[in-house]
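The values are calculated or read from the model by the stated rules, or taken from the named source; none is laboratory data. The model shown is predicted, which means the values in this text are computed figures rather than measured ones. Cβ: placed from backbone, ideal geometry, glycine included. Neighbour counts: every protein chain shown. Please note that ligands, DNA and RNA were not included when accessible areas were found on the heavy atoms of the full protein model with its side chains. Shrake-Rupley method; radii C 1.70, N 1.55, O 1.52, S 1.80 Å.
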Amino acid sequence: LLAAAAPSLAAADDWEHTFFLYGVGVGIEGTAAVGPVEADVDVSFSDVLDNLEFGAMAGYRGDNGRFGVMADLIYLDLENDKTVSTPLGPITATLGADQLILELDGSIAVTDRLDAYAGLRYWDVDAEVSVSGPLGNSFGREPGEDWVDVLYGLRYMLPLGRNWTFVVRGDVSPLGTNSNRSRSEPC
């Protein structure tokens, strides 16, 4: 992940603050379910871009010596329409999906470039499905779910100049949390 970091704002209490915007390439593969109906999902990055209504990714990191705090926000709003011709007239189906991910972590420096962190990740996934027929009849559903995962991870930083840093991070959720739910994950 390549992030352009805003200039750090040094505070009188020795905290260093960094705010950043970033982007990732997202593809979704797996199984999705609405109630008892399941379907295989295979959505490429280009399909996601074609159906993206709005997206935002931003983060904050505060460092004070070996200790730090991180906050991260990811929001995606996707929508797609499909119309099928039938002998009675067109049938139009619309599928919308909103995904909000908020994360808050605490970290400790293991080396100058490697941090270990632990925190919480809140997920809120909502979908909207509507179908309208040629006779004006329509129906829809708006399923949604939210949960919180506990996570542990490592974050490695490689400076690429004065204002750019290459950051690789990965985390896991221990058994017993809500991490066993089917969901799309950010890279």
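Positive contributions from Lys and Arg (+1) and negative ones from Asp and Glu (-1), summed over other residues with Cβ under 10 Å from the Cβ of residue 44, come out at -4. Among the GluC sites (Glu not before Pro) in segment 75-140, none sits in a DSSP loop with a Cβ that has at most 14 other Cβ atoms within 10 Å. Note on residue 120 and residue 88: with the Förster distance fixed at 45 Å, the Cβ-Cβ geometry gives a FRET efficiency of about 0.35.
Relative contact order of segment 70-178, taken over Cα pairs closer than 8 Å and 6 or more residues apart, is 21 percent. Restriction of the trypsin sites (Lys or Arg not before Pro) in segment 19-108 to DSSP coil positions whose beta-carbon has at most 14 other beta-carbons within 10 angstrom yields 66. Across 102, 76, 135, the residue with the most accessible area heads the list, and the full order at a 1.4 Å probe is 135, 102, 76.
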